[in-house]
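**Student:** Please find one structure pasted underneath; my questions will follow.
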Amino acid sequence: MNALDDLIDAARADFAAAAQPAELEDAKARYLGKTGRVTELLKGLAVLAPQDKKTRGAEINQAKQRIESLLAERREQLAEAELARQLHAEALDVTLPGRRRGVGGLHPVSRTMQRIEAIFGSMGFDVADGPEIETDWMSFTALNNPENHPARSMQDTFYVDMKDAEGRWLNLRPHTSPMQVRYARAHVARHADRIARGEAIPEIRVIAPGRTYRVDSDATHSPMFHQCEGLWIGENVSFKDLKAVFSDFCRRFFETDDLELRFRPSFFPFTEPSAEVDIAFADGPLKGAWLEVAGSGQVHPNVVRNFGLDPERYIGFAFGMGPDRLTMLRYGVNDMRLFFDGDLRFLRQFR
Ligand code: DAH
């Protein structure tokens, strides 16, 4: 009896010493396995007389049950310890401040684009969008650029090493002016029946804001920048309409009537005559300085012809302005690269 108690104590100590489930299973084998100590005792019963066998067998079985329950207890302890360890490892520090969802805001140039669209929209201009990868024909040829015009050169234009289905070289559009051609041609196609009957078609009045690309980079130029093209074509649209529309736009954009506009003669292949539009504020930090805000002009007859219209009948004006520059002027930003660096310390100021 004493020996069986010792055996139980030994098993308890052995099980307690097992720190891992695998060690516990080894310890179990030493007592309850095929050649374990309890099993050996049970085998020893064979040589006893029937009466002794019964009492001795009962004692051993009791000890065996005790050892089995010690084993089950220890298994449970180890499982709990393992669970506690896992919970600890995955513990959350609930005292840490949560990760908040950032409050977004519009990019300053996007704000400018929206203002431009709203102002021209209120003057009856449609807003159009078009591809940033253009054909050589759309970017230059259709706009009356001679074959040897410097704007075509590799120094200014990013070329794509690929041609379209009709074998025309592709480029990243260096201006939004191709949208004049795309929009006008679509408009003409929509009214082909009227044109065939010799009837007048509705006027074309559109702006096309978007991204443009040039091989250029300094404080006032970025290889990716924005432009907004404008086009108004009809039977009786003149330079004075351009002046009215553009003056109205500038006053509303900059929210001041104390603003002067000047049309300075210039040259663009797609307009004749052409003018640079300068503005001067009567007040504020930029007071008195002439600031160039757009190129413009009366659309060249060759371009009107490429729209699919008769330049004897249809005439009008176009302009191209830089929303990045307008944004710089409106907010007093002096380095255009700030717009595209993605530095939140800068961008948050416009939220
Ligand atoms: N495309 C010209 C540029 O990128 C800007 C421009 C000038 C557009 C005159 C026009 C225009 O439509 O009439 O510099």
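**Student:** Sequence-distant or interchain residues sharing an amide H contact under 5 Å with Val237, placed H: which?
**Tutor:** Sorted by chain and number, the residues that satisfy this are Ile315.
**Student:** Oh, and also: Could you work out the Rg to Rh ratio of segment 260-341, with Rh taken as the Kirkwood radius (inverse of the mean 1/r over all Cα pairs)?
**Tutor:** On the Cα set of segment 260-341, Rg over Rh gives 1.11.
**Student:** Step through the residues of segment 225-235 one at a time and calculate ³J(HN,Hα) from phi using the Karplus curve (6.51 cos²θ - 1.76 cosθ + 1.60, θ = phi - 60°), rounding each to whole Hz and writing x for Gly and Pro.
**Tutor:** 8, 10, 9, 9, 8, x, 8, 9, 10, x, 7
**Student:** Taking all pairs of distinct Cα atoms, average 1/r, flip it, and tell me the Kirkwood hydrodynamic radius of segment 71-163 in Å to one decimal place. Mind showing how you got there, number by number?
**Tutor:** Numbers: mean 1/r = 0.0472 Å⁻¹.
The Cα-based Kirkwood calculation yields 21.2 Å.
**Student:** Add +1 for every Lys or Arg and -1 for every Asp or Glu among the other residues with Cβ under 14 Å from the Cβ of Phe340, and state the total.
**Tutor:** So the environment of Phe340 carries a net charge of -2.
**Student:** By how many nm would the segment from Arg337 to Asn61 lengthen if fully extended, with 0.36 nm per residue of separation less the alpha-carbon distance?
**Tutor:** Length gained between Arg337 and Asn61: 90.7 nm.
**Student:** What is the distance in Å between the Cα centres of segment 17-55 and segment 194-211?
**Tutor:** 100 Å
**Student:** If you don't mind, another one. How charged is the neighbourhood of Phe140? Take every other residue with its Cβ under 12 Å from the Cβ of Phe140, and add Lys/Arg as +1 and Asp/Glu as -1.
**Tutor:** Every neighbour counted, the sum reads -1.
**Student:** Could you give the nm distance between label points at Asn148 and Lys243, where each point is 7 Å from its Cα heading toward the beta carbon?
**Tutor:** So the label points at Asn148 and Lys243 sit 3.7 nm apart.
**Student:** For Arg348 and His191, what does the FRET efficiency come to when R0 = 45 Å and r is the distance between their Cβ atoms, rounded to the nearest 0.05?
**Tutor:** Details: r = 48 Å, r/R0 = 1.06.
Working from the Cβ atoms, E equals 0.40.
**Student:** On to the next question. In what order do Met138, Met162 fall by count of nearby beta-carbon atoms within 10 Å, going from fewest to most?
**Tutor:** In order of increasing Cβ crowding within 10 Å: Met162, Met138.
**Student:** Please identify the GluC sites (Glu not before Pro) of segment 149-203 that satisfy two criteria: DSSP loop assignment and at most 13 other Cβ atoms within 10 Å. Which are they?
**Tutor:** Glu166, Glu199
**Student:** Same structure, new question: Taking the chain as a Gaussian network, Cα atoms linked when under 10 Å apart, which of Gln62, Gln298, Gln180 shows the biggest mean-square fluctuation?
**Tutor:** For the chain, modelled as a Gaussian network with Cα springs under 10 Å, the answer is Gln62.
**Student:** For segment 304-351, just the Cα set please: Rg and Dmax, both in angstrom.
**Tutor:** 18.8, 54
**Student:** Contact order normalised by length for the chain, with contacts defined as Cα pairs under 8 Å and 6 or more residues apart; what percent is it?
**Tutor:** Over the chain, the number comes to 15 percent.
**Student:** Which of Asp26, Asp136, Asp161 ends up with the largest GNM mean-square fluctuation for the chain, with Cα atoms connected below 10 Å?
**Tutor:** Of Asp26, Asp136, Asp161, the most mobile in the Gaussian network model is Asp26.
**Student:** In whole Å, what are the extents of segment 135-262 along the principal axes defined by its C-alpha atoms, from largest to smallest?
**Tutor:** 48, 41, 23
**Student:** Pick from Ala219, Ala16, Ala151: which residue has the top mean-square fluctuation in a GNM of the chain where Cα pairs under 10 Å get a spring?
**Tutor:** Ala16
**Student:** Another question about this same structure. Please arrange Asp324, Asp93 by how many other C-beta atoms lie within 10 Å of their C-beta, fewest to most.
**Tutor:** Arranged by neighbour count, lowest to highest, Asp324, Asp93 become Asp93, Asp324.
**Student:** Only counting other Cβ atoms within 10 Å, I'd like Leu96, Leu329, Leu309 sorted with the fewest neighbours first.
**Tutor:** Numbers: Leu96 7, Leu329 19, Leu309 24.
Ranking Leu96, Leu329, Leu309 by Cβ neighbours within 10 Å, fewest first, gives Leu96, Leu329, Leu309.
**Student:** How much net charge surrounds Arg66 when only other residues with a Cβ under 12 Å from its Cβ are counted (Lys, Arg +1; Asp, Glu -1)?
**Tutor:** -3
**Student:** Kirkwood Rh over alpha-carbon pairs of segment 3-89, then Stokes-Einstein at 20 °C and 1.002 mPa s: what D in µm² s⁻¹, rounded to an integer?
**Tutor:** 153 µm²/s
**Student:** Additional query: Using only the Cα atoms, what convex hull volume per residue in Å³ does the chain have?
**Tutor:** 294 Å³
Just so you know, all these numbers are worked out from the coordinates, no wet-lab data involved. Just so you know, these numbers come straight off a predicted model, no measurement behind them. Note that each Cβ is placed from the backbone with ideal geometry, even for glycine, and that neighbours are counted across all protein chains shown.
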